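The values are calculated or read from the model by the stated rules, or taken from the named source; none is laboratory data. These numbers come from a predicted model, not from an experiment. In this analysis, Cβ positions are derived from the backbone assuming ideal geometry, glycine residues included, and neighbour counts consider all displayed protein chains.
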Amino acid sequence: MKSEKNKIRGAQFVIYSGLVLVSLASLFPFYWMFVMATNTNDAINQTPPAMVPGGNLVSNFEAVLNSIPFFGAMLNSFIVASSITLGVLILCSLAGFAFAKFEFPGRTLLFVFILGTMMIPPQLGLIPQYFIITELGWLSDLRAVIVPGLMNAFGIFWMRQYIASAVPDDIIEAARIDGCSNFRIYWNVIVPIVLPAFATLGIIVFMAIWGDYLWPLVVLQDQSMHTIQVALRSLMDDRVRDFGMILSGTFWATVPLIVVFLLFNRLFIKSITDGAVKS
Amino acid sequence: MAEPKHDYPNDTNIDEKDQKPSKQPGSDTPKKRNFTQRQRNIASGYLFISPFYLLFAVFGVFPILFSFYLAFFRWDGLGPMEFVGFNNFAIIFNDPLFWKSIYNTIIIGIMGTAPQLIVAILIAFALNSALIRMKSIFRLAIFLPYVTSIVAVAIVFSVIFSNQDSGLVNSVIVFFGGDPVTWTRSEWGTKFAISAMVFWRWVGYNTIIYLAGMQSIPNDLYEAAKMDGATIRQQIQYITIPMLKPFILFTVFTATIGALQIFAEPHIFQGRGGRPEGISVVLYLYRDAFNSNAFGTASATAIVLFFIIIIFSTMNMYVTNRIGQPAKRKKVKA
């Protein structure tokens with residue numbers, strides 16, 4: 001009896017110490033980021049480097065503002081990510097509604113086609129896409145990122161599955177008898193029902209677009225049009241790197257995400273797992 | 001993935017309801033109305049799905065076909081295109097740096113993802129244990145790196161793995177009496193640093209997915225195994241892993257595709273031009289196209305990458321699919 005208890009204690013100790021270790025490893029780079037963001041470059045470059053926060057929080061961030069249009073880049077990222085998210089939610093729920101509830105010739109084939117496009121790596125069309133954007137005159141224009149971002153095969157798949165299972169046909173029938181057009185049914189019946197799916201898909205899309213790097217790097221060449229990811233990278237360009245400044249920019253670009261995540265962490269984690277597991 | 005056909009019964013239901021009144025004799029008005037309703041549904045159906053196909057025609061189909069076309073031409077993006085046959089492929093296949101980029105991508109892919117998925121299963125198993133509390137706090141801490149953007153991760157790790165003696169990892173090495181490493185210029189240093197970035201950002205994401213999978217495994221299985229005296233290792237091997245297979249397949253698939261498309265990490269860690277120690281296939285393609293204006297060879301690289309992705313994801317799915325099977329058989333024997 002006692003040895004059984006000791007065994008459980010031992011297992012608990014091993015599991016707890018493992019988890020604490022892993023959590024510290026997860027959190028340490030955030031702490032490190034903050035330490036660097038508040039120290040002078042000299043303090044960072046001494047051996048051993050500074051390990052506690054210093055007093056340069058403000059001056060390091062001022063250096064960031066002198067180097068890149070930080071707030072402009074954050075705003076660009078926000079405009080891009082929120083317009084794509086909004087657009088994707090509407091377009092994908094419309095298409096998902098059609099695939100789930102309307103009967104039209106070629107429906108299965110068209111749906112399978114959409115699933116098939118998910119298998120194509122985005123780099124395959126990268127170069128011609130760049131020239132299309134050039135032809136459209138959208139280089140260094142946020143539309144270059146927003147418009148292609150609106151096509152989202154996963155979103156259509158996701159919304160179709162959700163609508164097929166969450167929206168009973170009777171409701172649609174009832175609305176039809178009340179004289180609703182198909183679009184009215186979408187707007188007044190479908191959208192309110194699929195709001196939870198909007199939250200999930202919205203988080204997934206927003207996160208993906210916010211972190212996107214290669215495509216914005218290719219098409220947003222003017223510094224004033226950079227998204228925050230592209231702008232952060234350009235902090236690394238100086239020959240003599242000011243680590244305090246670089247990590248200050250990175251830190252302040254990361255803080256808003258962490259705050260939003262901590263506020264909505266359950267919804268966040270649930271969205272990410274649902275998005276992965278149910279597909 | 002659910003079969004698209006799965007929900008058809010629902011839809012035929014609609015039609016039956018639509019059509020039933022129309023079959024009744026003497027009810028002309030509903031017949032007419034239902035007929036147009038059906039047509040209206042067809043029209044709405046096409047209308048509602050059309051934005052995707054329009055966008056995909058312009059930003060999907062056309063660029064992909066054009067990539068295949070461009071791979072056979074020499075083009076600097078401005079002048080006339082010159083047909084060169086398979087020459088672009090010959091050029092990249094004769095370029096040692098191209099092979100180096102494939103080698104790097106695969107090595108970094110293995111170093112960054114294989115240990116990560118194993119560790120993620122272990123963490124998920126610990127988080128799923130009935131013996132511990134404060135699970136949500138651990139879960140939060142472990143998931144937090146995923147919220148950071150890849151660029152931010154790459155920058156932070158570039159500083160952690162800085163070449164200077166005072167870099168964080170170098171200070172630790174020096175403290176233990178080793179020699180500092182020139183991380184961005186050493187073959188394995190670069191690969192290790194980049195793999196560390198991938199590992200740190202994704203391990204929590206995969207943990208959360210495995211955890212969701214483990215929570216769907218009925219507890220009775222573990223109870224029964226414990227009664228039969230199974231150790232924790234045996235429980236993981238014979239219950240957790242086989243039951244988790246769909247989740248493992250998903251993570252292996254996404255990790256494989258992600259690893260083969262790696263770009264931001266080497267691009268940031270070694271500077272814009274990249275260096276041979278860390279250059280990835282996508283970075284090779286990007287350099288060719290946007291630094292050297294060699295759009296023909298870059299397109300050839302894109303096509304090779306496409307096939308590499310198909311081959312590796314099929315292969316990894318095949319191998320992963322087999323992992324659970326012998327374990328299951330053994331379980332039956334035992």
Can you run down the residue pairs with Cβ atoms below 9 Å, 6 or more apart or on separate chains, where the first is in the range A:252-278 and more than 15 Å from A:VAL205 (Cα to Cα) and the partner is among the polar types (S, T, N, Q) and surrounded by fewer than 19 Cβ atoms within 10 Å (Cβ to Cβ)? A:ASN265/B:SER136; A:ARG266/B:SER136; A:VAL277/B:SER216
Residue in the range B:270-283 that is farthest from A:ASP237 (Cα to Cα), counting only those that are within 11 Å of another protein chain (Cβ to nearest Cβ) and touching a Lys or Arg at 6+ places or on another chain (Cβ under 9 Å): B:GLN270
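Would you point out which residue out of A:PHE78, A:PHE102 is farther than 30 Å from A:ASP169 by Cβ, in the same structural domain as A:MET207 (by TED's automatic domain parsing) and of a type in the set (Phe, Trp, Tyr)? Break it down stepwise before answering.
Details: A:PHE102 fails: farther than 30 Å from A:ASP169 by Cβ.
Exactly one residue qualifies, and that residue is A:PHE78.
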Can you tell me which residue in the range A:35-56 is farthest from the other protein chains (Cβ to nearest Cβ), limited to those that are surrounded by fewer than 18 Cβ atoms within 10 Å (Cβ to Cβ) and within 19 Å of A:VAL255 (Cα to Cα)? A:GLY55
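Out of everything in the range A:197-249 that is of a type in the set (Val, Ile, Thr) and under 15 Å from A:GLY72 (Cα atoms), what residue ends up being surrounded by the fewest Cβ atoms within 10 Å (Cβ to Cβ)?
So, considering only residues that are of a type in the set (Val, Ile, Thr) and under 15 Å from A:GLY72 (Cα atoms), the one surrounded by the fewest Cβ atoms within 10 Å (Cβ to Cβ) is A:VAL230.
What tally of residues in the range A:210-242 results from selecting those that are within 13 Å of A:SER67 (Cβ to Cβ) and in a helix (DSSP H, G or I)? Show your work before the answer.
Within the range A:210-242, the subset within 13 Å of A:SER67 (Cβ to Cβ) is A:223, A:226, A:231-238, A:240-242.
Okay, now just the ones that are also in a helix (DSSP H, G or I), so A:223, A:231-237.
Looking only at that region, the number is 8.
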Residue in the range B:136-147 that is polar (S, T, N, Q) and farther than 27 Å from A:LEU214 by Cβ present: yes
Please find, within the range A:93-120, the residue that is farthest from the other protein chains (Cβ to nearest Cβ) out of those that are touching a residue at least 12 places away in the same chain (Cβ under 8 Å) and either in contact with a strand residue (DSSP E or B) (Cβ under 8 Å, 6 or more places away or on another chain) or within 30 Å of A:GLN221 (Cβ to Cβ) (or both). A:MET118
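Looking only at the range B:47-82, which residues are among the aromatic types (Phe, Trp, Tyr) and in a helix (DSSP H, G or I)? Steps first, answer last, please.
Step one: filter the range B:47-82 for residues among the aromatic types (Phe, Trp, Tyr), giving B:48, B:52-53, B:56, B:59, B:62, B:66, B:68-69, B:72-73, B:75.
Result: B:PHE48, B:PHE52, B:TYR53, B:PHE56, B:PHE59, B:PHE62, B:PHE66, B:PHE68, B:TYR69.
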What number of residues in the range A:126-181 are touching a residue at least 24 places away in the same chain (Cβ under 8 Å) and more than 30 Å from A:ASP222 (Cβ to Cβ)? 15
Whether any residue in the range A:152-164 is closer than 20 Å to A:GLY87 by Cβ, charged (D, E, K, R) and surrounded by 18 or more Cβ atoms within 10 Å (Cβ to Cβ) is what I want to check. yes
Within the group B:ASN293, B:ASN219, which residue is at positive phi and more than 9 Å from every other protein chain (Cβ to nearest Cβ)? B:ASN293
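Select the helices (runs of 4 or more DSSP H) contained entirely in the range A:130-184, then report the ones holding at least 1 residues which are under 30 Å from A:GLN229 (Cβ atoms) and touching a Pro at 6+ places or on another chain (Cβ under 6 Å). Talk me through it step by step, then tell me what you get.
Working: elements: A:143-149, A:153-166, A:169-177.
Output list reads A:143-149.
With the structure loaded, tell me whether A:VAL64 is closer than 16 Å to A:THR250 by Cβ, in contact (Cβ under 8 Å) with a residue 60 or more places away in the chain, more than 8 Å from chain B (Cβ to nearest Cβ) and of a type in the set (Val, Ile, Thr) or whether it fails that test. Reasoning before the result, please.
Values: closer than 16 Å to A:THR250 by Cβ: yes; in contact (Cβ under 8 Å) with a residue 60 or more places away in the chain: yes; more than 8 Å from chain B (Cβ to nearest Cβ): yes; of a type in the set (Val, Ile, Thr): yes.
Judged against the criteria, A:VAL64 is a match.
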